[in-house]
Amino acid sequence: MEKIEIRGKRGLKGSITPAAAKNSVLPILAATLLCEGPCTIRRPPRLADVDTSLALLAAVGAGAAWQGLDIITRPAPVVGRVPPALAGAMRSSVFYLAPLLHRAGAVYLPLPGGCRLGPRPVDIHIDGLLAMGARAEVGRDAITLRRAGRLRGADFTLRLPSVGATETLLMAAAVAEGTTVLRGAACEPEVEDLAGFLQACGAQITGAGTPVVVVQGRAALTGCTYTPLPDRIAACTYAAAVAAAGGRVKITGCRPAHFATFAGFLQRIGCGVERGRTSLTVARDPTRPLRGGQQLFAAAYPGFATDAAPLAAALLLGAVGESTLYDGLFQNRFACARGFAAMGAKVQDEGRLLKIAGGAVLRGAAVTAPDLRGGAALMVAALGAEGVTEIADAGHIRRGYAHLAADFRALGADCRQSCV
Ligand code: EPU
């Protein structure tokens, strides 16, 4: 089991560049299966979920491997069957439904795993594929999809703007016969990034990043070389770290426009924020308390990102005034509240709603990372706490950050990771 130890109250300084976005890289790796030529994905982060994706690609017969800092994929005959251990290891195994259905004519996918953020159904993925002519058997433990002939373009309205379902349907539509119109699509930058990858492979897509996306299907996609977006949630995590610990850090090679709601929040609570086109500098004087009294509502893009909500919560624990955070997407986003409480915070976790009394003086404690972003939020809280915090089950954090402890250390934090 991995463990992280942090001694708080050391100011951070310097500059740091986020890696490529996990939530772009994972669907793009799945989408390489649609391509009839090799693909080079430039500098993906070395995350546990990226390793799982490579194992999954290998398990279905595709060639995919690291070459230096890049991943190269090569087309090969595939089988439409995902092993249960790989499907269960991450939520992103759902991205293999559409590509394997296209390539193998049928796909068997044991139900995807991932962070336990509450129920995470896949009905919109399935309904969209059914509208495009697939047939489905949805069992308690697995999904089987088949197609007779090519998938057909459809005019489909998503019942809510699911990021993953929009991505599944973009992949299916790119190789379907005729035109697909997706209405009520998710607008997240990572959706646009997947569309950018598919376009680089010859797909014809307009409107990605808006609620109405139109795709003209192509019989075949080529390969390409593609550089995914910088990770906006990693950028928020570095920004939150300096807001907790104090100091001044420049986050370079990022797209501040993609996390403007988080930067605005930092400003409202009393941090200095300077925004450039590809950088964001965050400063905090640790002798002055942050301003609480915030009401945050996490929602689909361009709303406040659900993945950044636990990070915001970590900053509000010691801020002056009561705050509330409500997550409109996931029922169990704030499992990290237990760790916050162990560190001395006054918090009430009511599922979607987290109430924070504010004004806490955080002290190091032994806590457990409940999930990826909750684990990162405990690290952020620990950077602002007196004494040493020990975070158990820190392996969750590596699902989304290649080496967050080392990143914080490079900025001056007293932070180490070990296996116990
Ligand atoms: N939903 C359905 N039916 C579906 C699909 C989704 O009811 O068929 C519901 C979900 O249960 C949830 C809501 O719709 O309540 C939003 O889910 P969405 O499909 O948008 O999320 P996702 O595709 O499963 C991606 C990211 C998450 C991020 C969310 C929201 C990836 C690999 N994951 O998940 O990232 O929180 O979008 O922005 O892209 C993370 O990085 O830590 C993470 C959890």
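The values are calculated or read from the model by the stated rules, or taken from the named source; none is laboratory data. What you see is a predicted model; the values in this text were computed from it and never measured. A quick note on method: Cβ atoms are made from the backbone with ideal geometry, for glycine too, and the neighbour counts reach across all protein chains shown. For the accessible areas, the whole protein counts, side chains as well, though only heavy atoms, and no ligand, DNA or RNA atoms are used. Shrake-Rupley method; radii C 1.70, N 1.55, O 1.52, S 1.80 Å.
What do you reckon, how do 201, 187 stack up by accessible area (1.4 Å probe), largest on top?
Working: 201 0, 187 25 Å².
I get 187, 201, largest accessible area first.
Taking only Cα atoms of the stretch 115-263, what ratio of Rg to Rh do you get with Rh as the Kirkwood inverse-distance radius?
Details: Rg = 18.1 Å, Rh = 17.1 Å.
In the stretch 115-263, Rg relative to Rh is 1.06.
Order 174-183, 138-147, 358-367 from most to least packed using the mean count of other Cβ atoms within 10 Å. It would help to have the intermediate numbers written out before the result.
Values: 174-183: 20.4, 138-147: 14.8, 358-367: 18.7.
My ranking of the peptides, most packed first, is 174-183, 358-367, 138-147.
Using every alpha carbon pair in the chain, what percent of pairs falls into each 10 Å bin from 0 up to the bin containing the largest distance?
Histogram of Cα-Cα distances, whole percents per bin: 5, 23, 32, 23, 13, 4, 0.
Classify the stretch 264-372: rounded, prolate or oblate, from the alpha-carbon gyration tensor (a ≥ b ≥ c, eigenvalue square roots; a/c under 1.5 rounded; otherwise prolate if a/b is larger than b/c)? Kindly include the intermediate steps, with their values, before the conclusion.
On the way: a/c = 1.67, a/b = 1.16, b/c = 1.44.
Because a/c hits 1.5 or more and a/b fails to exceed b/c, the stretch 264-372 counts as oblate.
Taking residue 9 as the anchor, which lysines have their alpha carbon closer than 25 Å to its alpha carbon, excluding any fewer than eight residues away along the same chain?
250, 346, 355
Using a probe radius of 1.4 Å on heavy atoms only, what accessible surface per residue do you get for the stretch 227-343? Whole Å² is fine. Could you put the intermediate results ahead of the total?
On the way: 4330 Å² over 117 residues.
Here the per-residue accessible area is 37 Å².
If one computes the Cα centroid of the stretch 360-414 and of the stretch 76-112, what distance in Å separates the two points?
33
How much accessible area per residue does the stretch 25-226 have, counting only protein heavy atoms and a probe of 1.4 Å, in square angstrom?
On the way: 7540 Å² over 202 residues.
Using a 1.4 Å probe on heavy atoms only, each residue of the stretch 25-226 averages 37 Å².
Tell me, what % of the accessible area of the chain is carbon and sulfur with a 1.4 angstrom probe? Before the final figure, lay out the partial values.
Values: 7970 of 15870 Å².
The value for the chain is 50 percent carbon and sulfur by accessible area.
Quick query: amide H of residue 111 versus all other amide H atoms, modeled in the peptide plane; which residues come in under 5 Å with a sequence gap of 5 or more or a different chain?
142, 143
Counting Lys and Arg as +1 and Asp and Glu as -1, what is the net charge of the other residues whose Cβ lies under 13 Å from the Cβ of residue 190?
On the way: positive: 22, 232, 255; negative: 167, 188, 192, 193, 231, 307.
Once all neighbours under 13 Å are counted, the net charge is -3.
Could you tally the net charge around residue 145, taking each other residue with its Cβ under 10 Å from the Cβ of residue 145, Lys/Arg +1 and Asp/Glu -1?
On the way: positive: 135, 146, 147; negative: 137.
It works out to a net charge of +2.
For a bin width of 5 Å, list the pair-distance distribution of the stretch 1-136 built from all Cα-Cα distances, rounded to whole %.
Each 5 Å bin holds this share of Cα pairs: 2, 9, 18, 20, 18, 13, 8, 5, 4, 2, 1, 0.
Could you work out how far apart the two model spin labels at residue 210 and residue 357 are, taking each label as a point 7 Å from the Cα in the direction of the beta carbon, and quote it in nm?
Taking the simple label geometry, residue 210 and residue 357 are separated by 5.0 nm.
Name the long-range amide H neighbours of residue 70: under 5 Å, sequence gap of 5 or more, or other chain; modelled H, no Pro or chain starts.
Long-range HN contacts for residue 70: 43.
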